[in-house]
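Novice: Let me give you the structure first, and then I'll get to my questions.
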Ligand code: TYD
Ligand code: MG
């Protein structure tokens, strides 16, 4: 009988120790260690047999200037949003981890992209769904492609045998949690399995120059953090996010060795697959004829794209002893801060009110520039007075009630103008007084009226 080797792994970050620990020394999380059987009998050999003898390549040091620089070769996908998120197409030989919650649409998006890549051999490996299920989905997407191959298998040994026969130009793995290498003895989905299987595909990608997409599931809290431990191994990490109850999805770059991490793709889930959304602002603002109170429009930047979104607030008399604060898509602590600022600077009594904040479209916004719009939506609901037509906001609110400058103000103003807004309220620190009316100043460039304010009291007086 072969010797069984065991180790303990942190489920949060993948830290490995020989004995159980209460707290992970790497990520400081408590109670995250689990025992796994690892059996590294012949650790050197792996599922991916080297094409060439690894001794050929001597590891001697060389001068950097001796290395000829070559443009990375990029494979252009049919999906423009995906190309952009990847930094201008898919770099050959790169490994891309796509993480997202179950049911968000990862399989759909990558099946769709694989099918749309014509004249290239694409291998889609599924360990989760049967051939019939994938066929049904492909029928629904209604794309035909003769160079698209399907393999429902979880053992990396068999997968690599098939890969050697087929020699694909692109490999999509759905999902990395279902993979299993015979060289490790723990069950699929365990940290040591995920890590080893991903490492095999990493070696495969680098040696054959074949790009690989690894799809991985994460939970809302990131608790079963399987894919998280892969982040440092892969070249690119994409996160697919959104609320399952809404149609909009955001594909975000968290890490990219071949491009910027501020790129962002927006999709809409339709009954025939994912549709790239090229002008997101128009759908995120509900066009209403009659004005309602508690609604304000924020000019935000997501990644590097300007986006106008609707903030909805509801302020009601509290019926219970403790007033409620509920947010969806906005940070609860920021809401509490804004309420405290309004209480202290404006004398509004939110202490006896229930407060609800909702960001339209199920989006989650971290850009602090939406503060001002949230604050105005709160005031509008508190006063039960609709805000004037065609006005939007961009500004961060500080603790003393000052409106602080935000970045990329020109882009925000330009987007608001494009969508037909007549006024935008921004911080006076963004457009200092000295520049007013000067030729070439921000104000002069736009037809939209740019109103600058320094404090929340001024905004209140201006609006109500
Ligand atoms: P899926 O791609 O299976 O998600 P994941 O791989 O991230 O778990 O998507 C699941 C959901 O997508 C499912 O609820 C059905 C829906 N869907 C559509 O709305 N339109 C479509 O064309 C397809 C194929 C799926
Ligand atoms: Mg899936």
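Residues checked against (1) more than 16 Å from ligand 1 (Cβ to nearest atom); (2) in contact (Cβ under 8 Å) with a residue 60 or more places away in the chain; (3) under 22 Å from residue 109 (Cα atoms); (4) crowded, with 21+ Cβ neighbours inside 10 Å:
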site: 253; (1), (2), (3), (4): yes, yes, yes, yes
site: 262; (1), (2), (3), (4): yes, no, yes, no
site: 276; (1), (2), (3), (4): no, yes, yes, no
site: 299; (1), (2), (3), (4): yes, yes, no, yes
site: 307; (1), (2), (3), (4): yes, yes, no, yes
site: 337; (1), (2), (3), (4): yes, yes, no, no
site: 345; (1), (2), (3), (4): yes, yes, no, no
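Novice: Something else: When the stretch 415-463 is examined, which residues are found to be touching a helix residue (DSSP H, G or I) at 6+ places or on another chain (Cβ under 8 Å), part of a helix (DSSP H, G or I) and at pLDDT 90 or above?
Specialist: Across the stretch 415-463, the qualifying residues are 456, 457, 459, 460, 463.
Novice: Tell me whether the stretch 142-161 contains one or more residues that are within 14 Å of ligand 1 (Cβ to nearest atom) and farther than 28 Å from residue 9 by Cβ.
Specialist: Yes, some residue in the stretch 142-161 is within 14 Å of ligand 1 (Cβ to nearest atom) and farther than 28 Å from residue 9 by Cβ.
Novice: Here's something else I'd like to know. Working carefully through the options 412, 408, find the one that is over 18 Å from residue 341 (Cβ atoms), touching a helix residue (DSSP H, G or I) at 6+ places or on another chain (Cβ under 8 Å) and modelled with pLDDT under 95.
Specialist: 412
Novice: Can you name the number of the only condition in (1) in a strand (DSSP E or B); (2) more than 30 Å from residue 278 (Cβ to Cβ) that residue 186 fails?
Specialist: Here residue 186 clears every test but (1).
Novice: With respect to the numbered conditions (1) over 31 Å from the mean Cα position of the chain (by Cα); (2) on the phi > 0 side of the Ramachandran plot, which one is the sole condition not fulfilled by residue 361?
Specialist: (1)
Novice: Here's another thing I want to ask about it. Inside the stretch 206-218, can you point out the residues that are under 24 Å from the mean Cα position of the chain (by Cα) and away from ligand 1 (no atom under 16 Å from the Cβ)?
Specialist: The answer is 211, 212.
Novice: Looking for something more than 14 Å from ligand 2 (Cβ to nearest atom), buried (at least 16 other Cβ atoms within 10 Å of the Cβ) and in the same structural domain as residue 211 (by TED's automatic domain parsing) - is there at least one such residue anywhere in the stretch 128-136?
Specialist: no
Novice: Quick check on my filter: what residues within the stretch 88-107 are closer than 23 Å to residue 156 by Cα, within 14 Å of ligand 1 (Cβ to nearest atom), at pLDDT 90 or above and not in a strand (DSSP E or B)?
Specialist: Across the stretch 88-107, the qualifying residues are 106, 107.
Novice: Does residue 113 count as out of contact with any strand residue (DSSP E or B) (no Cβ under 6 Å at 6 or more places or on another chain), away from ligand 1 (no atom under 15 Å from the Cβ) and closer than 23 Å to residue 247 by Cβ?
Specialist: no
Novice: If a residue has to be within 16 Å of ligand 2 (Cβ to nearest atom) and within 14 Å of residue 234 (Cβ to Cβ) to count, how many in the stretch 195-217 make the cut?
Specialist: Selection size over the stretch 195-217: 4.
Yes or no, residue by residue, for (1) assigned to a strand (DSSP E or B); (2) more than 16 Å from ligand 2 (Cβ to nearest atom); (3) at pLDDT 80 or above:
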{"site": "250", "(1), (2), (3)": "yes, yes, yes"}
{"site": "267", "(1), (2), (3)": "yes, no, yes"}
{"site": "286", "(1), (2), (3)": "no, yes, no"}
{"site": "292", "(1), (2), (3)": "no, yes, yes"}
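Novice: For the stretch 67-99, name all the residues that are at positive phi and touching a strand residue (DSSP E or B) at 6+ places or on another chain (Cβ under 8 Å).
Specialist: Of everything in the stretch 67-99, those that are at positive phi and touching a strand residue (DSSP E or B) at 6+ places or on another chain (Cβ under 8 Å) turn out to be 87, 88, 89.
Novice: Which ones in the stretch 108-133 are assigned to a helix (DSSP H, G or I) and closer than 14 Å to residue 172 by Cβ?
Specialist: 108, 109, 110, 111, 112, 113, 114, 115, 116
The values are calculated or read from the model by the stated rules, or taken from the named source; none is laboratory data. Remember, it's a predicted structure, so these values are computed and weren't measured experimentally. Every residue, glycine as well, gets a Cβ built from its backbone with ideal geometry; the counts of neighbours run over all protein chains shown.
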